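The values are calculated or read from the model by the stated rules, or taken from the named source; none is laboratory data. Remember, it's a predicted structure, so these values are computed and weren't measured experimentally. All Cβ positions, even for glycine, are placed from backbone atoms using ideal geometry, and neighbour counts span all protein chains on display. In case anyone asks, the SASA skips ligands and DNA or RNA and just uses the protein heavy atoms, side chains included. Shrake-Rupley method; radii C 1.70, N 1.55, O 1.52, S 1.80 Å.
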Amino acid sequence: MRRTWWWMVLLVAAMMAAGQPVASAAVRPADSTTVCALYCDTRDPSLAQQETFPVPNVTENGRVIELHVSDADGMAWASIDDGQPNDSVWIDRSWDGGSTWDGLLGQASIPSTWTGTRTLMYNLYDPVDHRRSVLRACGDAAGTVCTQWTYAKVCATYCDGVADSTGTGDTQPVPAATLSGRTISLHTDSGGMAWATIAGGAAGDEVWMDRSWDEGTDWPDGSSEGRVSVPSGATGTATVKINTDDTLGRLYGGAVRACGRAVTGENGSCTAWARPATSHDAAAVDALMYDYDPNTAYWDSSWWNSAVALSTVIDYMRQTGDTKYEWIVDHTFEVNKVAFPAGARSSDPIQGDFISQATDDTEWWALAWIDAYDLTHDQKYLNEAVTIANHVNGLWDSSTCGGGVWWNASKTYKNAVTNALYIRMTAELHNRISGDTAWLGRATTAWSWFQSSGLINSSGLVNDGLTSGCANNGQTVWSYNQGLAIGAGVEIYRATGDAGALSEARTLASAALSSSALVTGGLLTESCDTLTTDCDDNAKQFKGVFMRYLQDLDSVTGNAYSAFATTQANSIWNADRDSLNRLGVRWSGQGSSAHPNTADWRTQASALSALLAAG
């Protein structure tokens, strides 16, 4: 980008992409598995969003070897300049801090009559497999030479290696380990950095930290971080501080442990692995982001659940002002707005614009993009929601049951979730589109139909759907159906000022909180998360939907439901959380060998909504 030969290199890259032979500038295949993050290895440097030079150049026999980095892409490439034909340049990539490496990545030779060339781009990070690398540029110019490894330290507010007195706060997230009378402790501060101490020991004792990017499964690039010995005349010491997240590399949910060794023996001892908990909400969203896949740009294996998880992360950013995850909003949108065949994102094909056979799946994405619009004020997200809503509106059918939206394109079922989502979606659009009357009319028509449809039973609870004869089918009362009905009433109230809609939302909330079908021992409990049953991947996320819309109702009723939300959050944090801040499906934390308290990203997103509801 800075040298006159660059246009020739781009020409060669174009020839290679077109399948034309370029023998003198051939790129050697990578020696390791291709890594994909935002982009996959071997991306053309002409597409780089940035160009920085984080380590000094090296010179060999007059040739200049340079490492180029684009932090925006999380990728790097190497170049050689002032050289001669057949001089070569490549990338070395190490996943263990530089002890071993995959060499000769993208090796390229200077063509005849040229004085320089460059490699293609390689990823610095592997968020999919939770790995962090260091890279260096190497060249062969009648002798081999390499730059320093780049990003050997993780840097956020501070870089790895600052003194333990730097920053504020001192929390010990897990119990200390003991060894021959020594106490080995893990500490974290308010900025998410960690350090270790050893006390009650003797000179020569050692203490250090291990850092893992995959929840403690392995730690090849984070072994013995900050290792230090107790000095003469002392009984204890502390390591320096290290970061537990690498936000530059989009590596969230890093884990650390403190380890120590007594000078009098070869034995050592370590604490449990832990993640910092700078705040309840921040800890929960960090663990949720651990499972976001930057390559596919969603939480793998669940399409509609990912829309709700995205909305939950947006809720977190809007509520806390912490916008470090904002990049996933646009990334998710741009990667996933295209069409996908069946099995790629959902069991159904995705037609493009987040539209699928399942109407409710489609509507969840519309709500996510309205949330994105509220966060960013970017019109493209609201336009996308309108596109989705126009599709869904085409499934409104007054000829069956007097109205309602069909659950899928096959028009076989009218159910609660699809229609409550439709009301919320159309009312939200009205409340954001100046001068609108069309979406308001659709929202109020759907709200009136929902109230009289029979979906709400005599106890004020929402059953799953209607029979073919348009009667309440008596199927399971799910918390998310109840929550969405509450949310629909709240948004109608905002759109119209109708006190009756707000009153109906409060009635639905009261029915839920007083029902043994949804609340056990003061905790929101799905019918499938009792101690004798298990929830499928869909139901794992239902309670979070309820809490999201109960929080919405709380915001327009003078915090009438804050006590219930606080009860949920306290139990989640104190009984349903492990040392890695993972939150399970049962907010009581209970489980058994036959029916464990499952924790995954769906339960994480659900519980995060409850924590956010508590404020």
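Looking at R432, R442, just one residue is surrounded by fewer than 19 Cβ atoms within 10 Å (Cβ to Cβ), out of contact with any Gly (no Cβ under 8 Å at 6 or more places or on another chain) and touching a residue at least 12 places away in the same chain (Cβ under 8 Å), and that residue is R432.
Each row is one residue, and each column tells you yes or no for (1) out of contact with any Cys (no Cβ under 7 Å at 6 or more places or on another chain); (2) hydroxyl-bearing (S, T, Y); (3) in contact (Cβ under 8 Å) with a residue 60 or more places away in the chain.
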| site | (1), (2), (3) |
| --- | --- |
| T418 | yes, yes, no |
| G460 | yes, no, no |
| T467 | yes, yes, no |
| A488 | yes, no, yes |
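I'm trying to understand the selection: among the residues of segment 132-145, which are more than 25 Å from D246 (Cα to Cα) and either at pLDDT 95 or above or open to solvent by 10 Å² or more (accessible area, probe 1.4 Å) (or both)? Those that are more than 25 Å from D246 (Cα to Cα) and either at pLDDT 95 or above or open to solvent by 10 Å² or more (accessible area, probe 1.4 Å) (or both): C138, G139, D140, A142, G143, T144, V145.
Any idea which residue in segment 555-593 is surrounded by the fewest Cβ atoms within 10 Å (Cβ to Cβ), counting only those that are assigned to a loop (DSSP other than H, G, I, E, B), of a type in the set (G, A, S) and in contact (Cβ under 8 Å) with a residue 24 or more places away in the chain? Across segment 555-593, the extreme among qualifying residues is S592.
Quickly run through segment 341-356 and pick out the residues that are of a type in the set (S, T, N, Q) and in contact with an Asp or Glu (Cβ under 7 Å, 6 or more places away or on another chain).
Of the residues in segment 341-356, the ones of a type in the set (S, T, N, Q) are 346-347, 351, 356.
Those that are of a type in the set (S, T, N, Q) and in contact with an Asp or Glu (Cβ under 7 Å, 6 or more places away or on another chain): S346, S356.
Within segment 174-188, is even one residue open to solvent by less than 50 Å² (accessible area, probe 1.4 Å), more than 19 Å from G268 (Cβ to Cβ), part of a loop (DSSP other than H, G, I, E, B) and touching a residue at least 24 places away in the same chain (Cβ under 8 Å)? Steps first, answer last, please.
Here is the first cut: in segment 174-188, the ones open to solvent by less than 50 Å² (accessible area, probe 1.4 Å) are 174, 176-177, 179, 182, 184-188.
This time we only want the ones that are more than 19 Å from G268 (Cβ to Cβ), so: 188.
Filter once more, so that each one left must be part of a loop (DSSP other than H, G, I, E, B): none.
No, the conditions are met nowhere in segment 174-188.
Pairs are defined by a Cβ separation below 6 Å, a sequence spacing of at least 6 or placement on different chains, a first member in segment 134-149 that is under 16 Å from A108 (Cα atoms), and a second member that is open to solvent by 40 Å² or more (accessible area, probe 1.4 Å) and not in a strand (DSSP E or B); the pairs so defined are R136/W149; A141/N61; A142/N61.
Taken over segment 244-271, residues that are over 16 Å from A199 (Cα atoms) and assigned to a loop (DSSP other than H, G, I, E, B) amount to 9. Cβ-Cβ contacts under 6 Å between residues 6 or more apart (or on different chains), taken from a first residue in segment 99-118 that is open to solvent by less than 20 Å² (accessible area, probe 1.4 Å) to a second residue that is of a type in the set (K, R), are listed as L105/R93.
Scan segment 500-514 for residues that are open to solvent by less than 20 Å² (accessible area, probe 1.4 Å) and closer than 23 Å to L611 by Cβ and jot them down.
If we filter segment 500-514 for residues that are open to solvent by less than 20 Å² (accessible area, probe 1.4 Å), which is where we start, we get 501, 505, 508-509, 511-512.
Result: A505, L508, A509, A512.
Residues that are open to solvent by 20 Å² or more (accessible area, probe 1.4 Å) and closer than 13 Å to A509 by Cα within segment 451-476 comprise I456, S459, listed in sequence order.
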